[in-house]
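Just so it is clear, none of the values below were taken in a lab; they were calculated from the coordinates. Not measured: the values here are computed from a predicted model. Cβ coordinates were reconstructed from backbone atoms using ideal geometry, including for glycine residues, and neighbour counts include every protein chain displayed.
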Number of protein chains: 2
Amino acid sequence: MDSSEFRECAKATVDLLINYIDNIRDRNVLPSVEPGYLMKMLPENAPEEPEDWKTLLKDFNEVVMPGMTNWQSPYFHAYFPTGSSYASIIGNLLSDGLGIVGFTWMASPACTELEVVTMNWLGKLLGLPEEFLNCSAGPGGGVIQGSASEATLVALLAAKDKKIRKLKELDPELDECITKTKFVAYTSEQCNSSVEKAGVLGSMKMRLLKSDQNGRLRGETLKQAFEEDEAQGLIPCYVVANLGTTGICSFDPLSELGPICQNKNVWLHVDAAYAGAAFICPEYRYLMKGIEYVDSFDVNAHKWLLVNFDCSAMWVKDGYDLINAFDVQRIYLDDVNATVKIPDYRHWQMPLGRRFRSLKLWSVLKMYGASGLRNFIREQISLAQYFAKLAQSDNRFIVEPEPSMGLVCFRLEKGDKITKQLLKNLTDKKQVFMVACTYRGRYVIRFVVCSQYTTKDDVEISWNVIKNEANQLYQKEINAKPQSISTLEHLETLTICEKSK
Amino acid sequence: MDSSEFRECAKATVDLLINYIDNIRDRNVLPSVEPGYLMKMLPENAPEEPEDWKTLLKDFNEVVMPGMTNWQSPYFHAYFPTGSSYASIIGNLLSDGLGIVGFTWMASPACTELEVVTMNWLGKLLGLPEEFLNCSAGPGGGVIQGSASEATLVALLAAKDKKIRKLKELDPELDECITKTKFVAYTSEQCNSSVEKAGVLGSMKMRLLKSDQNGRLRGETLKQAFEEDEAQGLIPCYVVANLGTTGICSFDPLSELGPICQNKNVWLHVDAAYAGAAFICPEYRYLMKGIEYVDSFDVNAHKWLLVNFDCSAMWVKDGYDLINAFDVQRIYLDDVNATVKIPDYRHWQMPLGRRFRSLKLWSVLKMYGASGLRNFIREQISLAQYFAKLAQSDNRFIVEPEPSMGLVCFRLEKGDKITKQLLKNLTDKKQVFMVACTYRGRYVIRFVVCSQYTTKDDVEISWNVIKNEANQLYQKEINAKPQSISTLEHLETLTICEKSK
């Protein structure tokens, strides 16, 4: 493909994508394909001879598109949003065109420095304390990781390394290997699966502690867990607080957890993957009260800040904690800038290689501006509140707990079975996509405003689809004997609050 | 940015990128900026109000471009190549436009299935044994990881998990934590830093074993290391063989290492990050003789196969080894396809989220075709051989060891000091970029054919720059007393063979 073909093909691709977004309401959110559908459509071997770009786009339309779950559809209300915007796509296009790998400052100074600057910008927008920023006097700073999963694991590994170093200062003869087996990590039972996975991957026992009635991990619970473990000769090492849990978007109180961690020299990491984005609006910052106690903080700019996956924004109070844990110095990577101020980001992350990801963050910050991003967050929250109002106006529906950010949880007052059937029927119809979780032992459906394209009209359309399905279920209930729910067993359900009980 | 602005901006961005590539020879490979240059150019805060796309591209040209190390320049001969092609950029543009996260089959069937198909295609092109492919009868299959670093760590964690399970079958009372501290991993001193880092991150002692005179880890050395460790009560668990080491692109003999690993039930992983790409040409497959003993194999399609970073292609003989290690089942991620045939790739990797990366691999495979990719590899190797011939024709230069793939190592016959000075002067001039390594105790400069745009003329240009610099050095030597080399201390040098000696 030469440059003139690339020009033509890129134009056609852009038109295709614009057409996809402009007409996304005409598609079902969920695809109508069976497992293996695509494998059957494609040949068993790569083509021997080159194909032209028209064939690529034709195959894309015929083979790929029918198998898409349309995350950017205004009727996608599952999980949490995944960011995408034209601004971000341009940023990534620039990154791909440059085709560099920025593992050291020298490997592309602009790649490192733009990351420093944009992470300072974003950190300030979020209202993070200055000590998390590279532009402060201290050793803090931000780094773009691939995912919140990665950030949680990076912080866990750094916490482990730091704890061992501290213990060895007290006892230089300490057996590192044996001591590490005594380290314990803590989080709430409401955590994302990736937090639990970080414990598995990082070889640290991860206790999922009971949350309160509102899905929050309380200080008292953490303190008790520390005491129990210490009594058994174990060593508390790492705590993950969740600001915006996956199930019901609850917020652990940092002001309670923080002093307990500080008291025991335990690393406190904040997983604010989704809801952290809201802190760009000052009115939500009360939810991160106690942030000054935190060692590391992560929010996925690729969730609710319009940046395409992957762009997980992580800040640490002390960059040397990462460098100490991840620096496997080889001479060939030696250069003069191995400090936190002009960071060699390969020491701030697990892999060696890294893309020029700050370009897409920069594009979004510039092309939306701080005010544009705040408007976006506020608008999404107001759409969720509008949905809650619609659901509350129908007395068959119970909205509980209180809507949080872009999430509204609801159930049918008739109980779990019919609520589960409602979700199953809706999923089968493929027009709206939601997933469930449990709240206080009850099965609830999660409605999340995900797409940036969602309007008030779209919320009404989603609500009408849901309401009509409920109508039919209630009608059937009146007309017929109870249905089996054996087919429901594969429905997706979010984190169960009772998991650790 | 609405769709019409996006159309305009994308067109301007594509023109900018084409212009960058078309005129890349006019730029120095290395930038002329000081640390902190960009931080000084940008404001301290994100803009409050949105900026238009023209400002973005203007700032990109003025702020970012001057700080680029141009990896796609035909005169970039450092490290190993990083892939980029118009075909790949189109694939990624499609991925960004869809804006999905494919962690389960249901989260986008096309995302999962296209990855299965393209990894089968690529596995076949490479001549991997059928049992590594998803389309075989067994539980093997391919998965796209973010980097070779990640693949090495994923395999290490899977090896650890598998070893514990096997040991627990023999002794159900086994203390897992204590036993894991006895596990040992092995690789050659010639390994990439990321392999050593995998040991640190995965909490497993990683022994860097001595390689032979040709930089290869031999069976006898591995066998002896196993015996030493077992005699001390340690447990060999994981071996990383390097096919194409970072320093001199040497190949560990799998046919020697394989039976030793098999005999002790030790996981054998192959890091073929760069050179693995050459196996698409049957004439190089003799270098992977013994591949049938291997448990996992990784090659970076984003290095030498024209796919943009990140696309690290990893195959395992048994997908359940990954699933067992990485599956932290939560109900909300439950669906009916948790098998290796229709994989839920979240259980094949560390993070939960994942991009639609197979689109760029698919684009490249289709738009180059198998024949196009083979031609590309062969052409790059022939350019390296041409450079070797040029260097050999000058009796001040010694080419040693034998050129391997796209890599030619050379030194000045006058010794390390002047060779080091040569590299320093060339780096200071910024026209060609190379890094060094040591070979048999000698300092050698690595010349790698990296850019897809490199032609025979470009090789001659690079050679002339190098030769002229040598001329000047030799002239100076005649005219003056010896120079201090104190300023040379920050020059980059690749893996030192003698590291573990």
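Sorted largest first, the principal axis extents computed over the alpha-carbon atoms of the range B:100-355 equal 50, 49, 31 Å.
With label points defined 7 Å past Cα in the direction of Cβ, position residue B:176 shows copy-to-copy spacings of 2.4 nm, given to one decimal and shortest first.
Find the centroid of the Cα atoms in the range B:180-251 and in the range B:1-65, then give the distance between the two in whole Å. Here the two parts' Cα centres lie 44 Å apart.
Label separation (residue A:34 vs residue A:174): 5.9 nm, computed from points 7 Å beyond Cα along the C-beta direction.
Cα-based values for the range A:260-391, radius of gyration first and Dmax second, are 18.0, 63 Å.
Would you please classify the overall shape of the range B:259-311 from the alpha carbon gyration tensor, given that a ≥ b ≥ c denote the square roots of the eigenvalues, rounded means a/c under 1.5, and beyond that prolate means a/b larger than b/c while oblate covers the rest? List each step's numbers first, then the result.
Numbers: a/c = 4.36, a/b = 1.69, b/c = 2.58.
Oblate shape, in that a/c is at least 1.5 and b/c is the bigger or equal ratio.
When every Cα-Cα distance of chain B is counted in 20 angstrom steps from zero, the calculated P(r) takes the values 21, 51, 26, 2 percent.
Of all lysines in the structure, those lying under 16 Å Cα to Cα from residue B:58, and not within fewer than 8 positions of it along the same chain, are A:360, A:366, B:11. At q = 0.28, 0.35 Å⁻¹, what base-10 log of I(q)/I(0) does the Debye formula yield for the range B:64-106 when every alpha carbon is treated as an equal point scatterer in vacuo? Evaluating at q = 0.28, 0.35 Å⁻¹ gives log10 I(q)/I(0) of -1.01, -1.12. Between the beta carbons of residue A:395 and residue A:453, assuming R0 = 30 Å, the FRET efficiency works out to 0.45 to the nearest 0.05. The residue list B:433, B:371, B:450 was ranked by how far each Cα lies along the charge dipole of the range B:367-476 toward its positive end, using unit charges on Cβ atoms, and B:433 comes out on top. Distances, shortest first, from the label point of residue A:212 to those at the same position in the other copies read 6.8 nm; the point lies 7 Å along Cα to C-beta.
Translational diffusion coefficient of the range B:58-134 at 4 °C, 1.567 mPa s, Stokes-Einstein with Kirkwood Rh over Cα pairs, in µm²/s as a whole number.
Here the translational diffusion coefficient equals 80 µm²/s.
Distance from the axis that maps chain A onto chain B is least for the Cβ of the chain A residue given, with the whole Å value, as A:203, 2. Here the scattering of the range B:367-476 is modelled by Debye summation over its C-alpha atoms, one equal scatterer each and no solvent; at q = 0.20, 0.21 Å⁻¹ the log10 of I(q)/I(0) is -1.03, -1.13. Pairs A:210/B:160; A:205/B:162; A:180/B:341: which exceed 28 Å Cα-Cα? Beyond 28 Å between Cα atoms: A:210/B:160; A:180/B:341.
Rounded to the nearest angstrom and listed largest first, the equivalent-ellipsoid semi-axes of the range B:1-154 from its Cα gyration tensor are 37, 23, 16.
In whole percent, what relative contact order does chain B give with Cα contacts below 8 Å and a gap of six or more residues? Present the calculation step by step, with values, prior to reporting the outcome.
Details: 919 pairs, mean separation 108.2, N = 501.
Relative contact order for chain B comes out at 22 percent.
Is the protein assembly as shown best put as rounded, prolate or oblate by its Cα gyration tensor, with a ≥ b ≥ c the root eigenvalues, rounded for a/c under 1.5, and otherwise prolate when a/b is larger than b/c, oblate when not? Prolate is the answer for the protein assembly as shown, as a/c is 1.5 or above and a/b outweighs b/c. Between residue B:41 and residue B:465, the C-beta separation translates, for a Förster distance of 35 Å, into a calculated FRET efficiency of about 0.70. Beyond 25 Å, the tail of the calculated P(r) for the range A:166-276 holds 20 percent of the Cα pairs.
Here residue A:382 yields copy-to-copy label distances, from shortest upward, of 6.5 nm, the label point defined as 7 Å from Cα along Cα to C-beta. The label point for residue A:255 and the one for residue B:227, both projected 7 Å from the Cα toward the Cβ, are 6.7 nm apart.
Here the Karplus curve 6.51 cos²θ - 1.76 cosθ + 1.60, taken at θ = phi - 60°, turns the phi angles of the range B:81-96 into couplings of x, 10, x, 6, 7, 4, 4, 5, 4, 4, x, 6, 4, 4, 4, 5 Hz, with x standing for Gly and Pro. Looking at the square roots a ≥ b ≥ c of the eigenvalues of the Cα gyration tensor of the range A:109-243, which shape do they give, rounded for a/c under 1.5, prolate if a/b is larger than b/c, or oblate? Since a/c reaches 1.5 but b/c is at least a/b, the shape of the range A:109-243 is classed as oblate.
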